[in-house]
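A short worksheet on the structure shown next.
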């Protein structure tokens, strides 16, 4: 049972998981969110500028 | 032996203070993120081992450390999978780095097993449910005679002794291999540069 005081989760997790179903494929919403976040982080990591990169000249 | 070790891995290669320019990319930070998360996993796991299940189930501090253990594992796998995607896209096994790739892959497998044995060692209804579901899968492989997921003692020992040991030793070997062979250059980089 969730406690209404103190530091609780930012999202209320005190319920059964939500699932998405497509034919035989089934995935929980929480797992899907994590996978989307991982793909997004991967793409950002590939293209986001890295601090101090301009100061470096070629392989050392 | 000392000469051979030092010639293969001189101190400036073991603890380099510079890296090739191509390493200045966010995609290269996920390996060390994984190791940082592993350190938190092990530290919180040690605290949980000191105090025991009743503590982590019933006290607020126990809940907190238990949550730290869970979320550091989440970050560990999150970073590890992005590290894997990044290295796969770079074909990081090039240039005699096959052992680096293999130690990383085996560490990943050991970590999955560590995560699984952790889920079945929680000592709650969730762990009972997971164990009873998993036993059919394990038994269908014939492995159930050696790896009984319904045996809490065995699962806990795998989780807190064998698999962490495997993960730490393999991670150490993996990092050593990276130091010996250097960080893999981008595919378009012609010169084989060692870090």
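The values are calculated or read from the model by the stated rules, or taken from the named source; none is laboratory data. Please read these numbers as outputs of a predicted model, since none were measured by experiment. Glycine also receives a Cβ, built like all others from the backbone with ideal geometry; neighbour counts cover every protein chain displayed.
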- request: Give the residue that is surrounded by the most Cβ atoms within 10 Å (Cβ to Cβ), with candidates limited to residues of region B:17-27 that are facing another protein chain (nearest Cβ under 7 Å) and outside any helix (DSSP H, G or I).
  value: B:20
- prompt: Before we move on, is residue B:30 without any contact (Cβ under 8 Å) to a residue 60 or more places away in the chain, in a helix (DSSP H, G or I), within 14 Å of chain A (Cβ to nearest Cβ) and more than 16 Å from the chain's Cα centre (by Cα)?
  reply: no
task: Hey, could you check region A:43-57 for residues that are at pLDDT below 80 and surrounded by 10 or more Cβ atoms within 10 Å (Cβ to Cβ) and say which is nearest to residue B:20 (Cα to Cα)?
output: A:56
field: Condition met for residue B:161 (more than 14 Å from chain A (Cβ to nearest Cβ), out of contact with any helix residue (DSSP H, G or I) (no Cβ under 9 Å at 6 or more places or on another chain), surrounded by fewer than 19 Cβ atoms within 10 Å (Cβ to Cβ) and modelled with pLDDT of 95 or more)
entry: yes
message: Can you report the number of residues in region A:18-42 which are within 12 Å of chain B (Cβ to nearest Cβ) and exposed (fewer than 10 other Cβ atoms within 10 Å of the Cβ)?
response: 0
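Restricting to region B:42-68, name every residue that is within 29 Å of residue B:174 (Cα to Cα) and touching a residue at least 40 places away in the same chain (Cβ under 8 Å).
B:42, B:45, B:49, listed by residue number.
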task: Would you please name the residue that is surrounded by the fewest Cβ atoms within 10 Å (Cβ to Cβ), looking only at residues in region B:42-96 that are away from chain A (no Cβ under 14 Å), within 22 Å of residue B:23 (Cα to Cα) and under 19 Å from the mean Cα position of the chain (by Cα)?
output: B:93
